[in-house]
Amino acid sequence: MTAQNSSDPAIPLGVLSEAFIAKATSRDLRVGIVGLGYVGLPLAEAFVLQGLPVVGFDIDDSKVKMLGGGKSYIKHISDERIAAMYAAGKFAATTDFAKLKQVDAILICVPTPLGEHREPDLSYVVATTQNIAEHVQPGQLIILESTTYPGTSEEVLQPILEQGGLKAGVDFAIAYSPEREDPGNPNYDTSSIPKVVGASSDLERNMACALYNAIVPTVPVSNLRTAEAVKLTENIFRAVNIALVNELKVVFGAMDIDVWEVIEAAKTKPFGYMAFYPGPGLGGHCIPIDPFYLTWKARAYGLNTRFIELAGEINSSMPGHVVDRLGEAMNKHLGLAMKGARVLIVGLAYKKNVDDMRESPALDLIHKLKARGMKVEYSDPYIPVAPSIREHPEVEGMKSVPWTQEALSQFDVALIATDHDNVDYTPLLAAVDLVVDTRNAIKQRSDKVVQA
Ligand SMILES: NC(=O)c1ccc[n+]([C@@H]2O[C@H](COP(=O)([O-])OP(=O)(O)OC[C@H]3O[C@@H](n4cnc5c(N)ncnc54)[C@H](O)[C@@H]3O)[C@@H](O)[C@H]2O)c1
């Protein structure tokens, strides 16, 4: 089966789009999702739950096999949820990209990291688009969901997709809709976060909105670039505000003012203030990376993004600040030098309640503490063994220290880098003489606990 009547490419997109919208409304539309990671997998589930058939595509054969066996590889998505997707008879995962011909809409959810010189690395998006271009059908809708700079859909995707002779907006449709997933957030998930949708024409935008309206309310915007800019704006807003509160932490700390108490009181103001929290540095696949997509693109317009650069500078100085504070605290409270002392990093994931350690500040902390001669281990209930990470070969194979008073008492000092909700700090406080807390995980203030 092909998505539309591919034997007659002369049928205008306007006509094909009517059939597309009718199928979306009746939940018959076949959705293809390329990239079954933290974003693509929950998105697939959201469509399946609303009765739309989904084919998931990934180049990683091991992920496809796990899904086929009813297993999840993402902590906050249970095996039961994967099994339920299959049981509904609406989901299949494959590495066979020829099956892209069989779907009506193709949603791209592949990584968009930074390159060695902090330039956008669109290699995953380009490789995926080339794959799609080989199979694109008249009447299909292709949507990029990966975070990227304004202009990517028009300047990078569209020319590749048109290489076979079909034209965007004439034969097939293009839209951009940023993913706003917040993995592990118990209050919001893919099916409750509105989708911003941008396209170059009303026709294409209407198709994309019809698709997403099957799962969530949509926010249409006037073009592709605007939708691309919305996502960057959201993440730059976070990066800059986190940098601001990290700067306040350092300044208030020097004045012996507890920044956490300040924030708790400030956020009682019902307007004009939004609480952001300090930490040991930025982590994850989004906030440390996405702002620099705009920085790179702005250069093409002869413009600097000074807020973004400054926020990046402050946020990336946080692990160094924390290590300095830890050294001072050891000196003051324990009379111990860093060299040769044993430190336990509590929490390796980049944020609470997830098993994702991409760009985690804990990695930088480990590197810096080892450089000061400390013996470093970690404990994280969600990461029993540290996987291979290209930029941090020294962590590979490290094993999580058991959370028992006996195991914890081997350490001179503990450094809380991530505050998973299910961690009880009682055995830690009983076992070590000093805890350096970057997350306000231990609410009870005492001589033993130092904020950093
Ligand atoms: N993780 C988040 O919290 C989050 C939130 C919002 C937006 N985003 C954005 O969404 C995008 C995807 O992020 P993610 O966290 O889901 O990444 P991820 O690494 O978890 O998943 C990406 C998936 O794409 C697959 N893949 C890579 N190249 C492929 C190709 N050529 N064809 C098919 N599959 C391919 C990988 O095997 C992997 O399964 C990024 O642009 C990211 O910035 C992520």
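When the residues of segment 139-156 are filtered to those that are in contact with a Leu (Cβ under 7 Å, 6 or more places away or on another chain) and free of Cβ contacts under 8 Å to residues at least 40 places away in the same chain, which remaining residue is nearest to the ligand (Cβ to nearest atom)?
Applying the filter and picking the extreme gives 144.
Step by step: first the residues of segment 66-81, then only those that are without any contact (Cβ under 8 Å) to a residue 60 or more places away in the chain and within 12 Å of the ligand (Cβ to nearest atom), then the one that is surrounded by the most Cβ atoms within 10 Å (Cβ to Cβ). Which residue is that?
Filtering segment 66-81 for residues that are without any contact (Cβ under 8 Å) to a residue 60 or more places away in the chain and within 12 Å of the ligand (Cβ to nearest atom), the one surrounded by the most Cβ atoms within 10 Å (Cβ to Cβ) comes out as 67.
Determine whether residue 218 is closer than 30 Å to residue 12 by Cβ and in contact with a Gly (Cβ under 6 Å, 6 or more places away or on another chain).
Judged against the criteria, residue 218 is not a match.
Using the structure shown, decide if residue 136 is more than 22 Å from the chain's Cα centre (by Cα), farther than 30 Å from residue 70 by Cβ, more than 12 Å from the ligand (Cβ to nearest atom) and surrounded by 24 or more Cβ atoms within 10 Å (Cβ to Cβ).
So residue 136 passes the test.
Among the residues of segment 52-65 satisfying the criterion of being in contact (Cβ under 8 Å) with a residue 40 or more places away in the chain and more than 9 Å from the ligand (Cβ to nearest atom), which is surrounded by the most Cβ atoms within 10 Å (Cβ to Cβ)?
Ranking the qualifying residues of segment 52-65, first place goes to 52.
Here is a check on your reading of the model: is residue 383 in contact with a strand residue (DSSP E or B) (Cβ under 7 Å, 6 or more places away or on another chain), of a type in the set (Val, Ile, Thr) and not assigned by TED's automatic domain parsing to the domain that holds residue 242?
Considered against the rule, which asks whether it is in contact with a strand residue (DSSP E or B) (Cβ under 7 Å, 6 or more places away or on another chain), of a type in the set (Val, Ile, Thr) and not assigned by TED's automatic domain parsing to the domain that holds residue 242, residue 383 comes out as yes.
Quick check on my filter: what residues within segment 326-376 are outside any loop (DSSP other than H, G, I, E, B) and of a type in the set (Lys, Arg)?
Correct list: 332, 342, 368, 370, 375.
Of the residues in segment 96-118, how many are within 13 Å of the ligand (Cβ to nearest atom), touching a residue at least 60 places away in the same chain (Cβ under 8 Å) and surrounded by fewer than 16 Cβ atoms within 10 Å (Cβ to Cβ)?
Matching residues across segment 96-118 total 2.
Is it the case that segment 242-256 has a residue that's of a type in the set (S, T, N, Q), within 16 Å of the ligand (Cβ to nearest atom) and modelled with pLDDT of 95 or more?
No, there is no match, as no residue in segment 242-256 is of a type in the set (S, T, N, Q), within 16 Å of the ligand (Cβ to nearest atom) and modelled with pLDDT of 95 or more.
Tell me, please, whether a residue that is within 13 Å of the ligand (Cβ to nearest atom) and either closer than 27 Å to residue 139 by Cα or surrounded by 17 or more Cβ atoms within 10 Å (Cβ to Cβ) (or both) can be found in segment 12-32.
Yes: segment 12-32 contains one or more residues that are within 13 Å of the ligand (Cβ to nearest atom) and either closer than 27 Å to residue 139 by Cα or surrounded by 17 or more Cβ atoms within 10 Å (Cβ to Cβ) (or both).
Of the residues that sit in segment 332-390 and are among the β-branched types (Val, Ile, Thr) and modelled with pLDDT of 95 or more, which one is surrounded by the fewest Cβ atoms within 10 Å (Cβ to Cβ)?
Among those residues, the one meeting the criterion is 385.
Scan segment 119-130 residue by residue and report those that are surrounded by fewer than 18 Cβ atoms within 10 Å (Cβ to Cβ), within 12 Å of the ligand (Cβ to nearest atom) and more than 17 Å from the chain's Cα centre (by Cα).
123, 126, 127, 130
Please state which of the following conditions residue 283 fails to meet, knowing it meets all the rest: (1) surrounded by fewer than 16 Cβ atoms within 10 Å (Cβ to Cβ); (2) outside any helix (DSSP H, G or I).
The number of the failed condition is (1).
The values are calculated or read from the model by the stated rules, or taken from the named source; none is laboratory data. Quantities reported herein were computed from a predicted structural model and do not represent experimental measurements. Virtual Cβ from ideal backbone geometry, glycine too; neighbours counted across all protein chains shown.
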